[in-house]
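Read through the structure below, which is laid out as structure tokens, and then see the notes.
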Amino acid sequence: DVARNLELWMDAIVARTFGHESIELLAKASAVPVINGLSDHSHPCQAMADFLTLRETFDDFPHIKLAYVGDGNNTCHSLLEAAALSGCAMAVATPPGYEPDAGVVERAQAVARRTGAKLTIGNALGAALRGAHAVYTDTWASMGQEAEQTQRARDFAGYQVNEAWMARARPGARFLHCLPAHRGLEVSTGVIDAPISLVYQQAENRLHAQKAILAALILGNHKEHNRTQA
Ligand code: NVA
């Protein structure tokens, strides 16, 4: 009923939920496009803005390596999907037990085989950072995981992206974070507030990327609708 009401008033629905199944349910019931504005499973709008940022920053995109350090969470899942589609290399380093979902990785690897992307998942930070053009991290405790904060701070302690770890990436490597960031936890102030940081360019690109997603889906949907009417 929520979807059937909203579709009468809107051209599209952007849903930001905890449970991913709520978005899938809305999409099944709705005649207008449903966009995942963030779920506990994935964060595709963020990844679109991030890959726009990488494309703007690196002349040799997609021939770059992105290192993702930290939690194998919603953001990590969508970055893996975007890297697979773009043909980039992406190396994920998480603490043991915090790896990305095996199903997401398997599907991304299947796409990567087609595009030539190289995706690796592991726990070793040094290996992930070696040769990386860009280093990405996200909060250690996502929304809804506040009760796990203390345990996670312990488990992720060696995974802070700081000056010492950035020195293990390519010289001049750039830093990315979807924000909000916790300075002193997943990233040091010296990294996120340095000129190498792309976080505000990413934030600006949320606007441009999301406008593009809305335009593509709404215009596409109207065309589809007109075809059906005709
Ligand atoms: N992984 C984070 C992203 C915040 C934009 C969360 O889900 O809270």
Specify the angular offset, from 0 to 90 degrees and rounded to the nearest 10, of the alpha carbon long axis of helix 199-229 from the longest principal axis of the alpha carbons in the chain.
20 degrees
Measuring from the longest principal axis of the C-alpha atoms of the chain, the long axis of helix 44-57 (C-alpha) lies at a number of degrees, nearest 10, equal to 60 degrees
Using per-residue counts of other Cβ atoms within 10 Å, averaged over each peptide, order 135-143, 37-45 from highest down.
135-143, 37-45
Stretched fully, the stretch from Ala164 through Ala147 gains (0.36 nm per residue minus C-alpha distance, one decimal, in nm) 3.1 nm
Helix 102-115 against the longest principal axis of the chain: what's the angle in degrees, Cα atoms only, rounded to the nearest 10?
90 degrees
Under 14 Å from the Cβ of Cys178, count the other residues' Cβ atoms, weight Lys and Arg +1, Asp and Glu -1, and hand me the total.
-3
With only helices counted (DSSP H, runs n ≥ 4, each -39500 (n - 2.57)), the per-residue ellipticity at 222 nm for the chain, to the nearest 500, works out to -14500 deg cm²/dmol
Computed for region 86-230: size of charge dipole around the Cα centre, +1 on C-beta of each Lys and Arg, -1 on C-beta of each Asp and Glu, debye to nearest 20, value 640 debye
To the nearest 0.05, how large is the calculated FRET efficiency for Leu217 and Ala29 if R₀ is 22 Å and r is the Cβ-Cβ distance?
0.85
Report the local net charge at Thr53: Lys and Arg +1, Asp and Glu -1, summed over other residues whose C-beta lies under 13 Å from its C-beta.
0
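Here, each number is a calculation from the coordinates, and none is a lab measurement. If you're wondering where the values come from, they're calculated on a predicted model, not measured in any experiment. Positions of Cβ are generated from backbone atoms using ideal geometry, with glycine treated the same way; all protein chains shown enter the neighbour counts.
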